[in-house]
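Below is one structure, written out as structure tokens, with a few remarks after it.
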Amino acid sequence: MNKELLSIEEIDAFIQNNQLSILYFSQENCNVCHSVYPKLKDLLTKFPSIKLAHVDTSNVEEVVGKFLIFSVPTIIMFIDQRESFREGRFVQLGPLAARLQQLNDFWLKSNSGL
């Protein structure tokens, strides 16, 4: 499920309610943002345990300070409400996919009781 989050409260709830989550920060006038987002959504179909939400920093300006967003697009992944990693501005999908695979595998293994 891909959600559009419109407030800090919605963002906080999304992070709290999903053990593995990614926030995708963009702006309306960012062509790169519009190019990367569909590719990220497609990539995440391989990782159903990772939930994705989108935040337009123009609509929720407080996120810039709270999450230290200095450029867009910015991708932040949270594991159990803690920031695990971030990618900003120049998102390379190959290395991102490898990192997501590692984190997903580790999370699945640690939560399987092995």
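The values are calculated or read from the model by the stated rules, or taken from the named source; none is laboratory data. All of these numbers come straight from a predicted model, not from anything done at the bench. Backbone-built Cβ (ideal geometry, glycine too); neighbour counts: all protein chains shown. The protein model used for the area step is the full one, side chains on, heavy atoms only, and it has no ligands, DNA or RNA in it. Shrake-Rupley method; radii C 1.70, N 1.55, O 1.52, S 1.80 Å.
What to note about this one:
- The chain, dipole about Cα centre (Lys/Arg Cβ +1, Asp/Glu Cβ -1), debye to the nearest 20: 520
- Å² per residue, accessible surface of the chain at 1.4 Å: 58
- Of all accessible heavy-atom area on the chain, the percent that carbon and sulfur account for (1.4 Å): 51
- Here the 3J(HN,Hα) profile of region 67-76, calculated from phi with Karplus coefficients 6.51, -1.76 and 1.60 at θ = phi - 60°, is 10, 6, 8, 9, 8, 10, x, 10, 10, 10 Hz, Gly and Pro shown as x.
- Qualifying trypsin sites (Lys or Arg not before Pro) for region 1-63 [loop in DSSP, other Cβ within 10 Å: at most 12]: LYS46
- Restricting the calculation to Cα atoms, the chain yields a radius of gyration followed by a Dmax of 13.6, 47 Å.
- Helix-derived mean residue ellipticity, 222 nm - over the chain, DSSP H n ≥ 4, -39500 (n - 2.57), to 500: -12500 deg cm²/dmol
- Of the chymotrypsin sites (Phe, Trp or Tyr not before Pro) found in region 49-114, those that fall in a DSSP loop while having at most 11 other beta-carbon atoms within 10 Å are PHE70, PHE90.
- At least 20 Å along the helix axis (C-alpha) and Kyte average at least 0.0, DSSP helices within the chain: 31-44
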